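Notes for the one structure printed next.
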Amino acid sequence: IGTFDGVHLGHRQIIENLKEEAGKANGESVIITFHPHPRKVVSSVITGVRLINTLPERIELLEKAGIDHLVIVPFTDFFANQTAEAYIHDFLVGKFKPHSIIIGYDHRFGKERAGDYKMMEEKATVYNYKLKEIPEHVLNAIKVSSTNIRNAILHSNIDEANNFLGYDFFFEGEVFHGDKIGRSIGYPTANLKSTDEEKIVLGDGIYAVYADVEGKNYKGMMSIGFRPTVNGRTRVTEVNLFDFNQDIYGKTIRVYVKKYLRSEVKFN
């Protein structure tokens, strides 16, 4: 049970543990996650929650990790305000009838976060499930990894982000009409508009990338920033694809970020 943002190496350690437990019990693995992010519903501070993965990306990554079932719970005020007892009785036991539950030692749930690991432990004999704790040092490592990944992405440190993720950071963008300056000097670029406003955005700079366009993979370079050479006023993301000459306006492409090359430079 959790948000699993990033589905990074730390998360995958827990996922492997879950699959192992499911195998021992001759059962099936289930991950329960929430949408929108719980902080958007319960937090008194209205800030934009920037996530490493969009929901479709998280679904794709968890599927690749070999989970049998992924349950996406609509996180609403009603769900957040059910009592801790109702969360266990109606939601966990009523809907899933679990053989085993693996949760963090600090897992809190129910109205005013009144439910905790101790309560889950007390109810284990009542509802006949096994409870397995994810210890503090493992959870702390996961939290540190998630924070490090977000900071690395924001500060253009893509090597560090990819190392923690265990895969290349990627995002999707819809191609829209730009100023067409690149085209006039022989380097046409695809201007990209993010398809999800909650997705974290890379720091400014020039990157080496691969792009997936309609199922085909192309090498390319990407610029994020204000384009000082043309006195740009707005922040743009544009990708120049090598050996590519197609009209892709209005199409969505996926960009895998391989390496940060340099900061933006103003040329004559």
Compare the Cα positions of Phe171, Tyr129, Ile103 along the charge dipole of segment 84-237 (+1 at Cβ of Lys, Arg; -1 at Cβ of Asp, Glu; about the Cα centre) and return the one farthest towards the positive end.
Phe171
Charge sum, other residues only, whose C-beta stays under 15 Å from Glu264's C-beta, Lys/Arg counted +1 and Asp/Glu -1:
+3
Just name one of Met119, Phe91, Ser29: the one whose Cα is farthest towards the positive end of the charge dipole of segment 24-175 (beta-carbon charges, Lys/Arg +1, Asp/Glu -1).
Met119
Please calculate how many Å² of accessible area segment 108-236 carries per residue, with a 1.4 Å probe and no DNA, RNA or ligand atoms counted.
56 Å²
Shape verdict for segment 1-86, please, from the Cα gyration tensor: rounded (a/c under 1.5), prolate (a/b greater than b/c) or oblate.
oblate
Based on Cβ point charges of +1 for Lys and Arg and -1 for Asp and Glu, what charge dipole magnitude is obtained for the chain about its Cα centre, in debye rounded to the nearest 20?
580 debye
Of Asn162, Asn245, Leu139, which is farthest towards the positive pole of the chain's charge dipole, taken about the Cα centre with +1 and -1 on the beta-carbons of Lys, Arg and Asp, Glu respectively?
Asn245
First obtain the Kirkwood hydrodynamic radius of segment 22-145 from its Cα pairs, then insert it into the Stokes-Einstein equation at 25 °C and 0.890 mPa s, and state the resulting D in µm² per second as a whole number.
154 µm²/s
Quick one: putting +1 on the C-beta of Lys and Arg, -1 on the C-beta of Asp and Glu, what dipole do you get for segment 91-179 around its Cα centre, in Debye to the nearest 20?
780 debye
Determine the distance separating the Cα centre of segment 118-149 from the Cα centre of segment 211-268; give it in Å without decimals.
41 Å
Whole-percent carbon and sulfur contribution to the accessible surface of segment 52-121 (1.4 Å, no ligands, DNA or RNA) stands at 55 percent
Here the tail fraction of P(r) beyond 19 Å, over all Cα-Cα pairs of segment 60-133, rounds in percent to 39 percent
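Calculate what fraction, in whole %, of the accessible area of segment 123-176 sits on carbon and sulfur atoms when a 1.4 Å probe is rolled over the protein chains. Present the calculation step by step, with values, prior to reporting the outcome.
Values: 1450 of 2810 Å².
Carbon and sulfur together cover 52 percent of it.
Students sometimes get this wrong: rank Arg113, Arg50 by accessible area, probe 1.4 Å, all chains present, largest first.
Solvent-accessible surface, decreasing: Arg113, Arg50.
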Among the trypsin sites (Lys or Arg not before Pro) within segment 139-180, which fall in a DSSP loop and have no more than 15 other Cβ atoms within 10 Å of their own Cβ?
Lys180
In whole Å, what are the extents of segment 131-245 along the principal axes defined by its C-alpha atoms, from largest to smallest?
62, 32, 23
The chain: Cα Rg divided by the 2.2 N^0.38 Å rule of thumb:
1.19
Residue by residue through segment 154-160, what is 3J(HN,Hα) from phi via Karplus (6.51 cos²θ - 1.76 cosθ + 1.60, θ = phi - 60°)? Round to whole Hz and write x for glycine and proline.
5, 9, 6, 8, 6, 4, 5
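In deg cm²/dmol and to the nearest 500, what is the mean residue ellipticity at 222 nm of the chain if only DSSP H runs of at least 4 residues count, each as -39500 (n - 2.57), divided by the residue total?
Values: 8 runs with 77 residues, N = 268.
Taken over the chain, the calculation gives -8500 deg cm²/dmol.
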Around Lys118, what is the net charge, scoring Lys/Arg as +1 and Asp/Glu as -1 over all other residues with Cβ under 14 Å from its Cβ?
-3
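The values are calculated or read from the model by the stated rules, or taken from the named source; none is laboratory data. Note that the coordinates shown come from a computational prediction; the quantities given were computed from them, not determined experimentally. Backbone-built Cβ (ideal geometry, glycine too); neighbour counts: all protein chains shown. The accessibility values were calculated without ligands, DNA or RNA, using every heavy atom of the protein model including side chains. Shrake-Rupley method; radii C 1.70, N 1.55, O 1.52, S 1.80 Å.
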